[in-house]
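As structure tokens, the structure follows; a few thoughts come after it.
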Amino acid sequence: MSDLVRRGIAEEISDPIVAVARDGRISWSNAAFRDLTGSASSGDEIGTWLEPSGCHLADLLILARSSTAPMPFRASVKTSSGTKFLKAEHWRLQDAGGPVVALRFFSTEQDASRFVTLTETIDQLNQEVQSRRHAEGALRKAISDLEIANNTKDRILAEVSHDLRTPLNAIIGFSDAMRHGITGPLTDKQSDYVDSIQQSGIILLDLVEQILEVAQERSETDEVVERLVDLDACISRCIEAVRTAKQDKSLVFLVPDDCLLPRLQTEQATITTILMNLLDNAAKFSPHGGQVSVETDRQADGGLSIRVSDQGPGIADDELDRIALPFYRAQATTVANSGGYGLGLSVVDRRLKAINGHFEIRSQIGVGTAVTVHLPANRVHWPQAPDTGSPAQETRQRHRRPDGNTG
């Protein structure tokens, strides 16, 4: 508590109160004490104005500085009308300049507890405020340090990822040229090697793009080119790419009938990135010969749901809330050993939010996982049914494989 506040409290008390510094001089006093003595002021020797009964003043002050509770005593006090013998008490206070001894003289029969209680309470409140200010300062510094570290991490990821794209594009481009015989004919083994080089380059480039997606927020000034995207063609291209990358797993892909699929008002890259990440995750965690299913539903408000399901190991309930965090990977052994960097769903989440969409995950251990993407109605253009002239009402009546065979 500040000296100003303490003195303000003392001024409101009718009994004389004086504070004595360690050197025995008056530090401050209230109006009642000044009226009692007539001319006492700060800096005066307290011994000029009072003499305790039964002990020396110096001993009384030493005792008062070591006491933790108010102690009574009697003293003769020089007043404007002569010397008076008064009851008094002393206790220790802590001022800005250091410890002082407060002396209160009983000019009335009032209880002295008001001043003591107020000063002790305000001192405790002041200590708590200071403690909280210190804690808040430490918290602000910790948050600032985290923001700096996070910005540094994002900057490094963005710079490294950007620098990787140029050589990766060169690797993919030159390997593609070799595959098409531009540099001359290849043996079967050389062709296999070139295919592996190109596929590995494509996979690595996709990872780099995902890291860039996570590390860099899209600028408000970036040009967004939206158009009507053919969802059926997009699904087919994504499945073919994933099937090629995971051809050693002999997966079966089931997709919706193309005549029932709408077109989407969005960037081509947005829906392609969403589907590629969901299909890649589903294929990655599916067992050999497993089934990956893509289903679509028309919502009551005209929106669209796209569900990608797998027959993988599933995700525990306590991990579903964290699974979309950047670089988070589920801890199940079968999942943790499947590769990846935990970026797929984070990228999906970011891309969906950009078009006012969202996704949800349902999973059961040992059964599989289904991720459902919800797109708003203003992004969806449904085909007209040829017999009624109205949009198709059901979008999951039949499935077909990408090769056209009915599933």
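Residue count for the range 21-35, restricted to those that are of a type in the set (S, T, N, Q) and touching a residue at least 60 places away in the same chain (Cβ under 8 Å): 1.
For P262, the stated conditions do not hold, so it cannot be described as modelled with pLDDT under 85, surrounded by 21 or more Cβ atoms within 10 Å (Cβ to Cβ) and under 30 Å from A377 (Cβ atoms).
The single condition among (1) part of a helix (DSSP H, G or I); (2) surrounded by 19 or more Cβ atoms within 10 Å (Cβ to Cβ); (3) at pLDDT 85 or above that A10 does not meet is (3). Those residues that are hydroxyl-bearing (S, T, Y) and under 56 Å from the mean Cα position of the chain (by Cα), I need them from the range 9-50; list them, please. Scanning the range 9-50 gives S14, S27, S29, S42. Scanning the range 174-190 for residues that are assigned to a helix (DSSP H, G or I), of a type outside the set (D, E) and open to solvent by 40 Å² or more (accessible area, probe 1.4 Å) yields F174, M178, R179, K189, Q190.
Listed by first and then second residue, the pairs with beta-carbon distance under 6 Å, at least 6 apart or on different chains, first residue in the range 362-381 and within 14 Å of L320 (Cβ to Cβ) and touching a residue at least 60 places away in the same chain (Cβ under 8 Å), second surrounded by fewer than 16 Cβ atoms within 10 Å (Cβ to Cβ) and aliphatic (A, V, I, L, M), are V371/I361.
Conditions (1) among the hydrophobic types (A, V, I, L, M, F, W, C); (2) modelled with pLDDT of 80 or more; (3) surrounded by 12 or more Cβ atoms within 10 Å (Cβ to Cβ); (4) in contact with an Asp or Glu (Cβ under 8 Å, 6 or more places away or on another chain), marked per residue:
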site: L157; (1), (2), (3), (4): yes, no, yes, no
site: L207; (1), (2), (3), (4): yes, no, yes, no
site: E226; (1), (2), (3), (4): no, no, yes, yes
site: C234; (1), (2), (3), (4): yes, yes, yes, no
site: R237; (1), (2), (3), (4): no, yes, yes, no
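Here N378 meets the list (1) out of contact with any Lys or Arg (no Cβ under 9 Å at 6 or more places or on another chain); (2) assigned to a loop (DSSP other than H, G, I, E, B); (3) surrounded by fewer than 15 Cβ atoms within 10 Å (Cβ to Cβ); (4) at pLDDT 85 or above almost entirely, failing just condition (2). Within the range 366-375, can one find any residue that is at pLDDT 90 or above, closer than 25 Å to R227 by Cβ and small (G, A, S)? For the range 366-375, residues at pLDDT 90 or above, closer than 25 Å to R227 by Cβ and small (G, A, S): absent. Mind checking whether some residue in the range 48-63 is among the small types (G, A, S) and either touching a helix residue (DSSP H, G or I) at 6+ places or on another chain (Cβ under 8 Å) or closer than 16 Å to I17 by Cβ (or both)? No, the range 48-63 has no match at all. A search for C-beta distances below 8 Å between a residue of the range 169-184 that is more than 24 Å from V208 (Cα to Cα) and any residue that is open to solvent by less than 40 Å² (accessible area, probe 1.4 Å) and modelled with pLDDT under 85, counting only pairs 6+ apart in sequence or on different chains, returns T183/A177. Within the span defined as the range 297-309, every residue fails to be surrounded by 14 or more Cβ atoms within 10 Å (Cβ to Cβ), modelled with pLDDT under 90, of a type in the set (S, T, N, Q) and out of contact with any helix residue (DSSP H, G or I) (no Cβ under 7 Å at 6 or more places or on another chain). Scanning the range 36-82 for residues that are in contact with a Ser or Thr (Cβ under 8 Å, 6 or more places away or on another chain) and touching a residue at least 40 places away in the same chain (Cβ under 8 Å) returns L36, T37, G38, S39, L50, V77, K78, T79, S80.
The values are calculated or read from the model by the stated rules, or taken from the named source; none is laboratory data. Since this is a predicted model, take the numbers as computed values, not measurements. Using ideal geometry, Cβ is built from the backbone for each residue, glycine included, and neighbour counts are taken over all protein chains shown. Just so you know, the surface numbers come from the protein's heavy atoms only, side chains and all, with ligands and any DNA or RNA stripped out. Shrake-Rupley method; radii C 1.70, N 1.55, O 1.52, S 1.80 Å.
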